[in-house]
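Reading through the structure tokens given below for one structure.
The values are calculated or read from the model by the stated rules, or taken from the named source; none is laboratory data. What you are looking at is a predicted structure, and each value in this text was computed from that prediction instead of being measured. Don't worry about glycine lacking a Cβ; one is built from the backbone with ideal geometry, like all the others, and counts go over all protein chains shown.
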Protein chains: 2
Amino acid sequence: MAPLESISVPSAREHRASFHDGALAATANWPAIQGDDEKLVQRTLVALRRGPIRHHRDQVIVCEGDPAHYIFLVIEGIVRSCRTFQNGTRNILGFYLPGEVVGWTDLKHALSVEAATDAMILYLKRSALLSIAARDSRIASFLLGATTNELRRTQEHALLIGRSAKCRLATFLLDLSSRLGKTKYLDLPMSHQDIADHLGLTIETVSRTITELERSQLVARLSPRTLILLNRPSLLRIKN
Amino acid sequence: MAPLESISVPSAREHRASFHDGALAATANWPAIQGDDEKLVQRTLVALRRGPIRHHRDQVIVCEGDPAHYIFLVIEGIVRSCRTFQNGTRNILGFYLPGEVVGWTDLKHALSVEAATDAMILYLKRSALLSIAARDSRIASFLLGATTNELRRTQEHALLIGRSAKCRLATFLLDLSSRLGKTKYLDLPMSHQDIADHLGLTIETVSRTITELERSQLVARLSPRTLILLNRPSLLRIKN
DNA sequence: CGGAACCTTGAGATTAGTCAAATGACGTGG
DNA sequence: CCACGTCATTTGACTAATCTCAAGGTTCCG
């Protein structure tokens with residue numbers, strides 16, 4: 001795993017307002033926690049943090065098989081969790097946006113964690129989180145909630161992989177758009193290759209499928225990486 | 001969700017030995033917990049239980065969308081978690097054997113839980129588990145560990161779905177064999193249709209693929225539901 | 001022994017993958 | 001600001017894997 005270096009962080013650790021400028025601003029959107037507990041969780045994370053550390057695109061943050069010393073809070077950029085097989089094929093299990101946590105597991109990491117774009121990552125020591133959780137049930141419940149959430153997302157992804165290319169892509173675009181904040185434009189932060197590996201397709205099929213959606217007037221393509229979702233309801237209705 | 005009925009259970013709740021005859025015997029194999037904590041968790045589960053309740057094959061235990069009042073400990077038989085789509089296709093996310101817990105989620109069940117064979121199921125009240133977990137960190141850590149485990153299994157399953165039919169089937173057979181206790185014979189407890197829906201294949205492809213493995217001398221078929229894995233290392237080596 | 005459900009096999013259709021080539025986008029240095 | 005090189009994306013023709021539809025065979029249970 002990459003070495004940890006001390007990097008400057010906002011100084012006013014306790015000050016609520018600092019979160020909005022600082023590394024943890026994105027955690028403000030976490031749905032599972034509210035009010036006092038939210039502050040507690042944020043303070044706990046701040047106390048445990050190492051970093052944030054900058055990673056360049058395609059840099060490996062942890063390898064499959066590495067001991068699970070740390071979990072990772074994305075501050076900026078996009079992170080992917082994936083596995084690469086002997087024959088060179090790669091599957092991306094999930095993409096993680098700022099404010100999201102990636103790499104929770106026990107003992108050893110079952111997946112690699114990599115920067116899909118240049119990214120700032122906060123490292124959180126797993127053992128410290130666990131020992132705090134053993135004393136404070138609010139932290140324990142935060143961990144359980146986050147893990148349950150990740151489980152549900154992984155289940156939905158496993159279900160998605162069984163469907164047609166068109167359905168997979170439509171669902172992916174809608175989901176990404178809503179996670180990024182549903183503006184008019186959908187700027188794909190990752191390459192088509194990453195999308196293909198996430199959806200279990202080839203880049204060619206991804207490209208052809210976008211072209212097909214474009215011909216059906218469901219999306220418009222401003223540039224390869226910039227789309228407009230013209231008809232969300234119809235995209236949602238694509239099945240199998 | 002199915003109504004809860006009181007059903008006779010072993011009387012000596014506190015007596016350690018009773019677990020080996022009674023409903024919770026299977027939990028003895030849980031890897032995550034040891035010694036005193038194991039006893040604690042078992043006592044806790046016994047205190048929360050409703051049932052066990054008998055379900056017949058294909059009976060629905062909970063529906064997708066039902067509120068998450070209970071989670072389910074399989075005592076006997078095989079349980080599946082799945083989703084059925086409008087067009088009638090069904091995906092089975094996982095099979096659960098005696099001693100395993102299925103149906104953990106928050107708020108609403110994201111998947112249906114159904115009996116894949118006749119089964120005995122213990123119902124555990126989620127809210128009670130959570131409130132005990134808030135007071136006893138060993139229960140909290142049991143819940144977190146079980147959820148983390150389920151997450152990893154789901155990740156492996158999502159990865160498996162991306163591979164060739166031969167690889168999916170070989171991996172499934174090996175995994176099932178080891179979970180069932182790796183005797184000489186592998187008795188498939190579920191139908192080919194269930195296996196197909198689990199692996200994202202059709203029954204025809206499942207059948208043809210087993211035939212192919214048989215021709216390669218990797219498995220032998222005593223009856224459609226009874227196989228012998230003739231060459232585990234070679235089965236393991238099948239990729240893509 | 002009979003019937004129903006389940007499994008197997010075959011032939012043809014469909015979807016997505018592979019290989020190859022052309023086009024387009026973007027950053028760098030002149 | 002433009003030319004260039006590199007990398008990413010698109011498109012086409014062909015191939016391979018899996019599905020679909022249909023028929024026949026087995027197994028199991030009453």
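Might you check whether a residue that is within 16 Å of the chain's Cα centre (by Cα), away from DNA strand C (no atom under 15 Å from the Cβ) and away from chain A (no Cβ under 14 Å) occurs anywhere in segment B:162-176?
yes
State yes or no: is residue A:239 farther than 29 Å from residue B:201 by Cβ, surrounded by fewer than 17 Cβ atoms within 10 Å (Cβ to Cβ) and either within 8 Å of DNA strand D (Cβ to nearest atom) or of a type in the set (Lys, Arg) (or both)?
Answer is no for this residue.
Report whether or not residue B:121 is at pLDDT 95 or above, on the phi < 0 side of the Ramachandran plot, more than 14 Å from chain A (Cβ to nearest Cβ) and touching a Gly at 6+ places or on another chain (Cβ under 7 Å).
Spelling it out, residue B:121 is indeed at pLDDT 95 or above, on the phi < 0 side of the Ramachandran plot, more than 14 Å from chain A (Cβ to nearest Cβ) and touching a Gly at 6+ places or on another chain (Cβ under 7 Å).
Condition check: surrounded by 14 or more Cβ atoms within 10 Å (Cβ to Cβ), modelled with pLDDT of 95 or more, within 8 Å of DNA strand D (Cβ to nearest atom) and not aromatic (Phe, Trp, Tyr). Does residue A:177 satisfy that?
no
Of all residues in segment A:193-210 being within 13 Å of another protein chain (Cβ to nearest Cβ) and buried (at least 19 other Cβ atoms within 10 Å of the Cβ), which is farthest from DNA strand C (Cβ to nearest atom)?
A:198
Name the pairs: first residue in segment B:87-105 and away from every other protein chain (no Cβ under 13 Å), second residue surrounded by fewer than 20 Cβ atoms within 10 Å (Cβ to Cβ) and among the hydrophobic types (A, V, I, L, M, F, W, C), Cβ to Cβ under 6 Å, at least 6 apart or on different chains?
Final answer for the pair search is B:98/B:26; B:99/B:26.
Looking at this structure, is residue B:159 within 14 Å of chain A (Cβ to nearest Cβ), out of contact with any Gly (no Cβ under 9 Å at 6 or more places or on another chain), within 16 Å of DNA strand D (Cβ to nearest atom) and aliphatic (A, V, I, L, M)?
yes
Residue B:215 is checked against (1) more than 14 Å from DNA strand D (Cβ to nearest atom); (2) under 28 Å from residue B:58 (Cβ atoms) and fails just one. What number does that condition carry?
Here residue B:215 meets the rest and fails (2).
Checking the structure you have, find out if any residue of segment B:124-145 is outside the structural domain of residue B:175 (by TED's automatic domain parsing) and either on the phi > 0 side of the Ramachandran plot or within 13 Å of the chain's Cα centre (by Cα) (or both).
No: segment B:124-145 contains no residue that is outside the structural domain of residue B:175 (by TED's automatic domain parsing) and either on the phi > 0 side of the Ramachandran plot or within 13 Å of the chain's Cα centre (by Cα) (or both).
Which of the residues that make up segment A:109-132 are out of contact with any Asp or Glu (no Cβ under 7 Å at 6 or more places or on another chain) and not small (Gly, Ala, Ser)?
Result: A:113, A:117, A:118, A:121, A:122, A:123, A:124, A:125, A:126, A:129, A:130, A:132.
Over 26 Å from residue A:154 (Cβ atoms) and assigned by TED's automatic domain parsing to the domain that holds residue B:46, is that true of residue B:153?
no
If I ask for residues that are aliphatic (A, V, I, L, M) and within 13 Å of DNA strand C (Cβ to nearest atom), which ones from segment A:180-192 would you list?
Correct list: A:188 only.
Please state which of the following conditions residue A:138 fails to meet, knowing it meets all the rest: (1) modelled with pLDDT under 95; (2) surrounded by 21 or more Cβ atoms within 10 Å (Cβ to Cβ).
The failed condition is (2).
Those residues that are under 25 Å from residue A:87 (Cα atoms) and in a loop (DSSP other than H, G, I, E, B), I need them from segment B:186-240; list them, please.
Result: B:200, B:201, B:216, B:217, B:218, B:231, B:238, B:239, B:240.
Which ones in segment B:66-92 are closer than 21 Å to residue B:156 by Cα, buried (at least 20 other Cβ atoms within 10 Å of the Cβ) and either at pLDDT below 95 or over 10 Å from the mean Cα position of the chain (by Cα) (or both)?
If the condition is that a residue be closer than 21 Å to residue B:156 by Cα, buried (at least 20 other Cβ atoms within 10 Å of the Cβ) and either at pLDDT below 95 or over 10 Å from the mean Cα position of the chain (by Cα) (or both), then B:82, B:91, B:92 are the ones that fit.
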